[in-house]
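Down below is the structure, laid out as structure tokens.
Coordinate-derived values only; no laboratory data. Just so we're clear, the structure is a prediction, and the values are computed from it rather than from any experiment. Cβ: placed from backbone, ideal geometry, glycine included. Neighbour counts: every protein chain shown.
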Amino acid sequence: MKSENNINNNDLNTSPIVVALDYADKASALAFADKIDPRDCRLKVGKEMFTHFGPQMVKDLQTRGFDVFLDLKFHDIPNTTARAVAAAADLGVWMVNVHASGGARMMAAAKEALAPFGKDAPLLIAVTVLTSMESSDLADLGITLSPADYAERLARLTRDCGLDGVVCSAQEATRFKSALGQAFQLVTPGIRPAGSKADDQRRVMTPQEALAASVDYMVIGRPITQSADPAQTLRDIRASLR
Ligand SMILES: O=C(O)c1cc(=O)[nH]c(=O)n1[C@@H]1O[C@H](COP(=O)(O)O)[C@@H](O)[C@H]1O
């Protein structure tokens with residue numbers, strides 16, 4: 001059931017870095033991929049690139065030896081979400097995600113849809129509270145819990161549904177590792193090297209802080225992709241984490 005394009009690098013790749021490949025043109029994305037070593041990072045294909053270039057984008061990266069995180073944040077009725085997650089598994093991706101706020105039945109259905117893939121199933125991760133959100137954004141939605149408290153509530157639900165982990169802020173990592181167990185994977189965007197712009201992110205941490213907080217994977221986009229030399233910036237961040 002797994003795509004023949006997938007070359008699984010899981011055993012080779014000890015880097016915690018996942019680069020968010022948020023490019024509007026394929027040539028730039030592939031030029032970057034061609035300049036970096038798949039042992040230095042995994043690559044995330046999100047809504048922008050997938051909407052532009054579809055599954056072929058994922059395959060083009062897999063044939064270059066990269067593990068791909070397909071970040072489409074599925075959030076729908078259980079049947080639709082489960083089928084979308086199975087379609088992602090058919091593509092041979094390394095990780096796929098849903099929104100935890102889709103609820104327990106949706107997450108359980110997504111998990112069940114991966115059972116036929118056995119050990120080839122991608123990691124299934126749920127987004128808790130987007131790292132771009134702060135308390136006032138939650139208040140607008142009628143949620144009075146702090147982002148960390150609400151994220152923990154969603155993370156517990158995710159763990160109880162048998163998923164592999166959550167997307168959260170690195171600011172929440174120490175707390176979640178102790179509350180939810182070391183094995184529950186934490187994937188943390190909102191990573192900003194010291195001195196770089198936060199952009200639309202709100203709950204941010206530096207790569208070194210995230211590592212010290214025991215995150216499993218840190219997602220880094222613009223600080224790498226919009227730098228003058230993205231491949232060198234990746235290598236510099238990787239070196240700073242050794
Ligand atoms: O699921 C995600 O990857 C995600 C969840 C989240 O809470 N916050 C978040 O920023 N992301 C993604 O992580 C990437 C962060 O990119 P930069 O802000 O450019 O580093 C983007 O591709 C987002 O879509």
The answer for residue 127, listing residues at least 5 apart or on another chain whose modeled amide H is closer than 5 Å to its amide H, is 98, 99, 100, 167
Collect residues whose amide H, placed 1.01 Å from N in the peptide plane, falls under 5 Å from the amide H of residue 73; neighbours closer than 5 in sequence don't count.
97
Antiparallel content of DSSP bridges confined to the chain, in %, to 5
0 percent
Mean 1/r over distinct Cα pairs of region 1-130, inverted to a Kirkwood Rh in Å, yields 14.8 Å
Quick one: order 242, 192 by neighbouring beta-carbon count within 10 Å, fewest to most.
242, 192
Quickly work out the residue 194-to-residue 153 label distance, labels modelled 7 Å from Cα along the C-beta direction, and quote it in nm with one decimal.
3.7 nm
If one builds a Gaussian network model of the chain from Cα atoms under 10 Å apart, the most fluctuating residue listed among 124, 70, 141 is 141
Give the dimensionless ratio obtained when the Cα radius of gyration of region 129-219 is divided by 2.2 N^0.38 Å.
1.04
So for region 17-240, if I pair up every lysine 8 or more residues apart or on another chain, how many of those pairs have alpha-carbons under 19 Å apart?
12
With a point put 7 Å past each Cα toward its Cβ, work out how far residue 226 is from residue 135 in nm, to one decimal.
2.8 nm
Taking each pair of different alpha-carbon atoms in the chain once, compute 1/r for the pair, average those values, and report the inverse of that mean as the Kirkwood hydrodynamic radius in Å to one decimal.
18.0 Å
